[in-house]
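Novice: I have a structure I would like to understand better, so I am pasting it below and will then ask my questions one at a time.
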Amino acid sequence: MNIKLQDLQIENNQDIPESVFVQQQPAHIIQNDAEAIETAKKLAERFKQQASHRDANRLLPLQEIVEFSQSGLWGINIPKQYGGAQVKHRTLSQVIRILASADPALTQISENHLSFLEQVRLDATEAQKQLIFGNILKGQRLGNALSERGGRTVIDLKTRITPNEQGYAVNGKKFYATGAILAHWVYAVGLDDDGNELTALIPHHAAGLSIINDWSGFGQRSTASGTVILDNIQVDAEYVIQTGAGGESINLVGTISQLIHSSIDVGIAHAAIEDTIEFVQNYTRPWIDADQEHAVDDQFTQAAVADLKIKLHAAEALLDRAGDYVDAALENLNEDNANAATLAVAEAKVLSAEIAILASNKLFELAGTRAALSELNLDRHWRNARIHTLHDPVRWKYKLIGEYYLKGKYLPRHPWS
């Protein structure tokens with residue numbers, strides 16, 4: 001791979017070079033939590049180098065996505081009995097934070113993959129688990145085709161997955177399909193004729209699969225969160241999972257997804273704060289009324305940076321705590337423990353979203369006008385934070401958390417909770 005590959009403008013899945021999917025060798029298999037953290041740190045240093053360039057030019061991370069999945073990090077939450085490291089969820093959160101501080105768009109591509117592995121663990125047959133987990137450990141990637149436009153709410157689906165002589169036929173149209181265009185397998189959620197939810201795993205080369213790189217959001221530009229068209233795609237029965245019990249059974253699929261999303265927010269905040277400090281130290285001039293030689297001696301700047309760091313550390317601590325609650329709940333899964341984990345993650349989500357917005361906004365207030373120059377692209381932190389925190393509204397987290405503490409009502413169970 002070379003720089004020409006990195007500068008490719010991608011319109012649809014036909015434009016993706018085959019080298020993004022062809023594996024020269026199986027992925028590395030990470031053995032434990034410490035190795036996962038160390039691997040994330042090494043990758044973050046490399047991913048950071050061209051992250052701003054990719055953002056500014058809306059380039060997909062074609063080389064980076066291969067290095068990312070070949071590193072073994074896409075399989076760290078696979079159960080040990082299937083060959084994975086089954087890292088702690090605080091470790092999973094820390095890995096995501098480290099990577100998101102370097103490139104939150106690239107990191108978000110892995111979110112749907114990592115959270116879907118919990119769905120596989122819960123709902124797939126034993127043969128399906130062996131197949132899917134085995135492919136992931138070899139380095140293959142999953143991309144989502146979940147959300148649709150036009151429904152009354154985000155859970156309304158028009159996509160249909162219907163049985164036929166070949167297995168199943170999949171028909172529908174999706175949007176916000178993060179990472180699907182770079183995935184070996186696209187997992188599409190739809191309903192059968194009786195309204196039951198099914199999930200079909202579709203290979204990237206399947207006839208009838210069209211993926212359009214039409215995500216035009218002003219932030220998280222390189223997530224490839226565009227359109228997926230499912231035109232009478234034929235899928236063998238072994239690649240269709242009955243996932244409809246997710247809203248009724250006791251599970252933490254949505255909670256784990258929220259933990260990962262919250263970790264991305266904190267990664268964005270961390271990067272914004274570090275860029276703020278570096279800029280103030282090296283470029284910002286003290287305000288005329290401060291009567292100081294250097295901006296770092298401005299008492300109001302000092303207080304503001306302290307406030308940012310304290311809130312960042314609080315969000316990080318709540319994420320670690322939430323990860324521990326998830327692990328405890330999975331060891332003894334019942335309604336009480338599941339709600340405790342969901343509550344802990346919701347509390348972390350509030351602080352994570354708020355520090356991401358605050359830090360990326362404060363960057364300009366503290367660094368000054370020069371920081372707003374387009375060639376620096378420091379606004380990417382705010383754009384990424386603003387877009388990513390729209391995933392689900394924090395105002396509802398406040399409502400649900402308060403309702404639990406006041407009335408004892410458990411938090412809802414769905415993909416956004």
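The values are calculated or read from the model by the stated rules, or taken from the named source; none is laboratory data. Quick caveat, the model's predicted, so the values are computed rather than measured. Here the Cβ positions follow ideal geometry from the backbone for every residue, glycine too, while neighbour counts run over all protein chains shown.
Novice: Mind checking which strands (runs of 3 or more DSSP E) fall wholly inside segment 196-259 and carry at least 2 residues that are under 19 Å from LYS129 (Cα atoms)?
Specialist: 197-203, 240-242
Novice: Mind listing whichever residues of segment 138-151 are buried (at least 21 other Cβ atoms within 10 Å of the Cβ) and either of a type in the set (A, V, I, L, M, F, W, C) or in a helix (DSSP H, G or I) (or both)?
Specialist: LEU142, ALA145, LEU146
Novice: Within segment 243-294, work out how many residues are under 25 Å from ARG380 (Cα atoms) and over 20 Å from the mean Cα position of the chain (by Cα).
Specialist: Adding up the residues that qualify gives 14.
Novice: Examine segment 257-266 for a residue that is surrounded by 15 or more Cβ atoms within 10 Å (Cβ to Cβ) and more than 16 Å from ILE96 (Cα to Cα), and state whether such a residue exists.
Specialist: no
Novice: Might you let me know whether segment 323-343 holds any residue that is under 28 Å from ILE37 (Cβ atoms), buried (at least 19 other Cβ atoms within 10 Å of the Cβ), in contact with a His (Cβ under 8 Å, 6 or more places away or on another chain) and not aliphatic (A, V, I, L, M)?
Specialist: Scanning segment 323-343, I find at least one residue that is under 28 Å from ILE37 (Cβ atoms), buried (at least 19 other Cβ atoms within 10 Å of the Cβ), in contact with a His (Cβ under 8 Å, 6 or more places away or on another chain) and not aliphatic (A, V, I, L, M), so the answer is yes.
Novice: Any chance you could count how many residues in segment 145-168 are closer than 28 Å to THR107 by Cβ and modelled with pLDDT of 95 or more?
Specialist: Residues that pass the stated criteria total 2.
Novice: Residues that are of a type in the set (Asp, Glu), in a helix (DSSP H, G or I) and under 20 Å from ILE256 (Cα atoms): does segment 125-132 have at least one?
Specialist: No, segment 125-132 contains no residue that is of a type in the set (Asp, Glu), in a helix (DSSP H, G or I) and under 20 Å from ILE256 (Cα atoms).
Novice: Moving on. Just checking, does segment 120-132 include any residue being in contact with a Gly (Cβ under 7 Å, 6 or more places away or on another chain) and over 18 Å from LEU390 (Cβ atoms)?
Specialist: For segment 120-132, residues in contact with a Gly (Cβ under 7 Å, 6 or more places away or on another chain) and over 18 Å from LEU390 (Cβ atoms): absent.
Novice: Looking only at segment 288-335, which residues are acidic (Asp, Glu), more than 18 Å from ASP265 (Cβ to Cβ) and in contact (Cβ under 8 Å) with a residue 40 or more places away in the chain?
Specialist: Within segment 288-335, ASP324, ASP327, GLU335 meet the criteria.
Novice: Scan segment 366-410 residue by residue and report those that are charged (D, E, K, R) and closer than 24 Å to ARG221 by Cα.
Specialist: Residues satisfying the conditions are ARG370, GLU375, ASP379, ARG380, ARG383, ARG386, ASP392.
Novice: Then there's this: Taking the stated definitions as given, is GLU111 of a type in the set (D, E, K, R), surrounded by 21 or more Cβ atoms within 10 Å (Cβ to Cβ), at pLDDT 95 or above and not in a loop (DSSP other than H, G, I, E, B)?
Specialist: The answer is yes for GLU111.
Novice: If I filter segment 194-241 down to residues being touching a helix residue (DSSP H, G or I) at 6+ places or on another chain (Cβ under 6 Å) and at pLDDT below 95, which single residue comes out as surrounded by the fewest Cβ atoms within 10 Å (Cβ to Cβ)?
Specialist: Going through the qualifying residues, I end up with ASN196.
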